[in-house]
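Chemist: The structure under discussion is supplied below as structure tokens; questions concerning it will follow.
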Amino acid sequence: MNRLIKKISILIAFTLLLSIGLTTKAQTADAAVVMHYCDFFSGNHYDKDNNIVVEEGNLKYGACHISYYHMDSPGKGKVEVDGDLKSQFARHLVEQEMADLAGKIYKQDNITFVGNGKYRADGYDIYLNQYITVIFVKKKVDGQTRNSVITMYPK
């Protein structure tokens, strides 16, 4: 009987070790498929009048930048993102909504040159109930000189 108990104990211990090993291996495999944050954005998006374009960008400009820094916690006012306080949009916007919003602010015609080839458009969006600033540059996108959004944020 003691021999049987020892064999059962060894079998249980072996099964436990094997299951831990498989669990660890599965977690490692899942980590390998995690995508970079900016990989979720694709292509260029234009407002309906083609006045302005929001490129997919990266963490420094475009849709990825806007989403990462200014939609981290929608509706929360200002939050800390990567150690800096960043104003947050009232709700999350997908890329086309970003382009349409930037176009609406651009069309309010409150544009100033801020230096280094950058322009600033300021305006109010009734749907978000927020004052918005759009920073853009004139650059070649899709073969034409366009107003390309670097960043956009609520005040």
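Chemist: Distance in nm between label sites at Ser42 and His92, each 7 Å beyond Cα in the beta-carbon direction?
Modeler: Each label point lies 7 Å from its Cα, and together they span 1.8 nm.
Chemist: Could you order Phe41, Phe136 by accessible surface area, starting with the largest, using a probe radius of 1.4 Å?
Modeler: Output order, biggest surface exposure first: Phe41, Phe136.
Chemist: Sort His92, His45 from largest to smallest accessible area, using a 1.4 Å probe on the heavy atoms of the protein chains.
Modeler: Details: His92 90, His45 40 Å².
These residues rank, largest area first, as His92, His45.
Chemist: Further question: Going by a ≥ b ≥ c, the root eigenvalues of the Cα gyration tensor, does the range 56-155 fall in the rounded group (a/c under 1.5), the prolate group (a/b larger than b/c) or the oblate group?
Modeler: On the way: a/c = 1.64, a/b = 1.36, b/c = 1.21.
Prolate.
Chemist: Considering amide H positions built from the backbone, and no H for Pro or chain starts, which residues 5 or more places from Tyr124, or on another chain, come under 5 Å of its amide H?
Modeler: It is Ile132, by chain and number.
Chemist: Could you report the range 35-155's accessible area per residue, 1.4 Å probe, as an integer in Å²? It would help to have the intermediate numbers written out before the result.
Modeler: Working: 6630 Å² over 121 residues.
So the range 35-155 comes to 55 Å² accessible per residue, rounded to a whole number.
Chemist: Let me ask something else about it. With θ set to phi - 60°, apply the Karplus curve 6.51 cos²θ - 1.76 cosθ + 1.60 along the range 75-88 and write out the HN-Hα couplings as whole Hz, x wherever there is a Gly or Pro.
Modeler: Karplus-based 3J(HN,Hα) across the range 75-88 equals x, 9, x, 10, 9, 7, 10, 6, x, 10, 6, 10, 5, 10 Hz.
Chemist: Next question, about the same structure. Quick check: residue separation of Lys155 and Tyr131 times 0.36 nm, minus the Cα distance between them. What number comes out in nm?
Modeler: Working: separation 24, 0.36 × 24 = 8.64 nm, distance 0.56 nm.
Length difference between fully extended and current span is 8.1 nm.
Chemist: So which of Lys60/Lys139; Lys48/Lys155; Lys60/Lys138; Lys78/Lys138 end up more than 19 Å apart by C-alpha? Could the numbers behind the result be given before it?
Modeler: On the way: Lys60/Lys139 16 Å; Lys48/Lys155 24 Å; Lys60/Lys138 17 Å; Lys78/Lys138 29 Å.
Listed pairs above 19 Å: Lys48/Lys155; Lys78/Lys138.
The values are calculated or read from the model by the stated rules, or taken from the named source; none is laboratory data. Because the structure is a prediction, the values reported are computed rather than measured. Note that each Cβ is placed from the backbone with ideal geometry, even for glycine, and that neighbours are counted across all protein chains shown. Heavy atoms of the whole protein, side chains included, go into the accessibility calculation; ligands, DNA and RNA do not. Shrake-Rupley method; radii C 1.70, N 1.55, O 1.52, S 1.80 Å.
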